[in-house]
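One structure below.
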């Protein structure tokens, strides 16, 4: 049976942590490659991607398989240079303050990537900010195409936590509380400059509104919200490069997470491995 889809095109922006502030640049690149691999497995190619960073990951230059796959899928993948502003100076900075600096850098990169995509493709109708260590189901774009229309938005509430080091997953109904890769927003909510170089964080809802409060923001602006019933996003934990890693330093938090991993998780199965292209994940 043929399922009707709407005419949407999704702009996906992936901000990447700088080599100068990363603990391990190879892990950053490996996680990003896994993220892109999950995107490139989409059953619907109505999307394009901007990877935004201070340094271009090696595989975007040198990996022939990745380049070939980009071409086969017919989807544009841009690398957007963010060198106009230096990476956040985080050395010796306390955890909470360091988190704010990383988030400011992330939001600036998202704005620049969206502005660049907008300037390159007038057919884009929605934007999605995807962290460089999260994964998407191969049905993600297709599901959006079936349900989004007339400037509605999507909030991801059902999703997976993937404990990479233990090869276990846990489903949650509060995904948007924990993960920034949780809102698909219509172009009408953005105020983008004609010149992408001039883009700033405040030009996008991603830079003004925390993912925790995005639902309230949309409701206040009377935007219809679609909440997928299936888990189309996966938050990869334990890479060592998650922005929120410092939250795990307290002993109590570590104990609770260990218990959650054992009592509330399950071993990953072949169906999920295939759906999220998990054979490519080598972040730890």
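Tabulated data for the structure shown
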quantity	calculated
Gap separating the Cα centres of the stretch 181-212 and the stretch 116-164, nearest whole Å	14 Å
The stretch 125-237: antiparallel DSSP beta bridges as a percent of all, rounded to 5	70 percent
Length-normalised contact order for the stretch 121-199 - Cα pairs under 8 Å, 6+ apart - percent	38 percent
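FYI, it's all coordinate maths here, none of it is from the lab. Values in this document were obtained by computation on a predicted structure and should not be read as measured data.
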